[in-house]
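One structure below.
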Amino acid sequence: QLRAGPGHRRTPVGTYKQLVEWYNKGDLDFSEVTSVNLDEYRGLPKEHPESYWSFMHRNLFDLVNIRPEAINLPDGTNMDAEGECARYDAVIKSVGGVDLQLLGIGHDGTSVSTSRARPSSWAPTAST
């Protein structure tokens, strides 16, 4: 079983396309993969087209045989940031941690570093 933390946005899209291609050829099986995604936009429901949940479903999850119960993302609609981070830390521990983390690197060379879930003060505006 692989516990993976897939990244979001543009950088990993090519990787997801390749994984889907290998899956379609029968070279990969996602039935034993557990996804533990890094984050979600605070205040954004998962069904919103710009949410990380929607992004991951469009680009990977809906295209392979990953089990829905094996997909884990923080709940962006939980406004109790400390409580949601504690809940998500417990999820990560319950699945045995993360074996592989896929991170994106921005055009300016920046990346993200995480050691545990942390709340963000960012919240969407009415135009989000």
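The values are calculated or read from the model by the stated rules, or taken from the named source; none is laboratory data. Please read all numbers here as calculations on a predicted model, not as lab measurements. Cβ atoms come from the backbone with ideal geometry, glycine included; neighbour counts cover every protein chain shown. Keep in mind that these areas ignore ligands, DNA and RNA; they rest on the heavy atoms of the full protein, side chains included. Shrake-Rupley method; radii C 1.70, N 1.55, O 1.52, S 1.80 Å.
Side notes on the structure shown:
- Exactly one residue out of LEU28, LEU38, LEU103 is touching a Phe, Trp or Tyr at 6+ places or on another chain (Cβ under 9 Å), assigned to a loop (DSSP other than H, G, I, E, B), of a type in the set (A, V, I, L, M) and modelled with pLDDT under 90, and it is LEU38.
- None of ASP99, ASP62 is among the charged types (D, E, K, R) and without any contact (Cβ under 8 Å) to a residue 24 or more places away in the chain except ASP62.
- Checking THR34 against (1) in contact with a strand residue (DSSP E or B) (Cβ under 8 Å, 6 or more places away or on another chain); (2) open to solvent by 30 Å² or more (accessible area, probe 1.4 Å); (3) of a type in the set (Ser, Thr, Tyr), the condition it does not meet: (2)
- All positions within the stretch 52-87 that are among the hydroxyl-bearing types (Ser, Thr, Tyr) and open to solvent by 50 Å² or more (accessible area, probe 1.4 Å): THR77
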